[in-house]
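The values are calculated or read from the model by the stated rules, or taken from the named source; none is laboratory data. Quick caveat, the model's predicted, so the values are computed rather than measured. Glycine gets a Cβ as well: all are built from the backbone with ideal geometry, and neighbour counts include every protein chain shown. Side chains are part of the model used for accessible areas, which takes the heavy atoms of the whole protein and leaves out ligands, DNA and RNA. Shrake-Rupley method; radii C 1.70, N 1.55, O 1.52, S 1.80 Å.
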Amino acid sequence: MNISIQIATEEHTQFAETISVMIEDAARKRGTGISKRPPEYIRRKMMEGKAIIALEQNNVAGFCYIETWGHNKYIANSGLIVNEDYRKHGLATKIKKAAFKLSRKKYPDAKLFGITTSLAVMKINSDLGYRPVTFSELTTDDEFWKGCQSCPNFDILTRNNRSNCLCTAMLLDPNPKASQKSKSKPRMNVREHIKKYERWLRLKQHSFLRKYTQKKVLAS
């Protein structure tokens with residue numbers, strides 16, 4: 001399997017529709033997560049040099065892109081997707097690392113963050129130095145949160161005033177003072193506590209969905 005992982009450019013815009021369908025299809029099967037990224041949005045990321053694409057000849061194996069918020073103070077590596085035919089080969093980790101490297105190069109002083117329901121993504125982020133945080137530590141940029149509107153759990157997010165949801169928030173702060181402060185506390189590593197996190201994620205999702213269902217019943 002000869003897969004090339006590279007920064008996407010104008011020549012890769014031909015794959016935008018395929019990638020858009022891949023992202024939406026994966027979210028639909030998972031039953032959660034942000035489900036729509038239109039082809040024109042993906043093309044723009046490629047043209048801006050803010051995307052990573054993995055290709056085997058003319059087949060899209062995977063993709064990820066960079067989003068900036070709060071006047072480039074916050075960076076998110078979003079839309080991570082791996083074609084079903086190329087899974088189980090560690091490709092997601094390689095794509096994520098490439099996006100991380102590109103993010104650090106383009107925005108060395110920015111805080112990198114992400115929200116996800118995927119334990120696999122949490123593992124990768126943890127290995128890169130991210131730590132679980134509360135939503136209050138993330139960007140307050142309304143444009144970022146608007147991106148959650150296509151997620152089936154958006155109503156849960158709004159009911160909690162954007163303070164919590166089924167997603168887990170993770171953050172990497174390159175600020176030396178912040179890094180020093182975090183070193184003074186034992187940093188929870190997802191990979192080291194995988195069973196605990198799996199149990200915690202299940203309990204969190206069950207709790208939120210139960211409360212959400214109860215509120216809908218009371219409102220009806």
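Residues in region 161-181: is at least one farther than 27 Å from Tyr107 by Cβ and at pLDDT 85 or above? Within region 161-181, one or more residues are farther than 27 Å from Tyr107 by Cβ and at pLDDT 85 or above. Condition test on Gly33, is it at pLDDT 95 or above, touching a helix residue (DSSP H, G or I) at 6+ places or on another chain (Cβ under 9 Å), open to solvent by less than 20 Å² (accessible area, probe 1.4 Å) and not polar (S, T, N, Q)? Against the criterion (at pLDDT 95 or above, touching a helix residue (DSSP H, G or I) at 6+ places or on another chain (Cβ under 9 Å), open to solvent by less than 20 Å² (accessible area, probe 1.4 Å) and not polar (S, T, N, Q)), Gly33 does not qualify.
Of Val60, Val121, all but one fail to be at pLDDT 90 or above and among the aliphatic types (A, V, I, L, M); the exception is Val60. Scanning region 137-154 for residues that are farther than 12 Å from Ile115 by Cα and of a type in the set (Ser, Thr, Tyr) yields a total of 2.
Those strands (runs of 3 or more DSSP E) of region 19-112 in which at least 1 residues are among the aromatic types (Phe, Trp, Tyr), considering only elements entirely within it, cover 59-69, 74-82.
Among the candidates Thr139, Thr158, the residue that is modelled with pLDDT under 90 and either open to solvent by less than 70 Å² (accessible area, probe 1.4 Å) or touching a Lys or Arg at 6+ places or on another chain (Cβ under 6 Å) (or both) is uniquely Thr158. Considering only residues in region 113-132 that are part of a loop (DSSP other than H, G, I, E, B) and without any contact (Cβ under 8 Å) to a residue 60 or more places away in the chain, the one that is least open to solvent (accessible area, probe 1.4 Å) turns out to be Tyr130. Any residue in region 55-68 that is within 29 Å of Ile156 (Cα to Cα) and either in contact with an Asp or Glu (Cβ under 6 Å, 6 or more places away or on another chain) or open to solvent by 70 Å² or more (accessible area, probe 1.4 Å) (or both)? Scanning region 55-68 turns up no residue that is within 29 Å of Ile156 (Cα to Cα) and either in contact with an Asp or Glu (Cβ under 6 Å, 6 or more places away or on another chain) or open to solvent by 70 Å² or more (accessible area, probe 1.4 Å) (or both). Might you let me know whether region 79-94 holds any residue that is more than 27 Å from Gln6 (Cα to Cα) and free of Cβ contacts under 8 Å to residues at least 24 places away in the same chain? Checked region 79-94: no residue is more than 27 Å from Gln6 (Cα to Cα) and free of Cβ contacts under 8 Å to residues at least 24 places away in the same chain.
For region 1-50, a residue qualifies if it is touching a Cys at 6+ places or on another chain (Cβ under 7 Å) and not β-branched (Val, Ile, Thr), and the qualifying residues are Gly33, Ser35.
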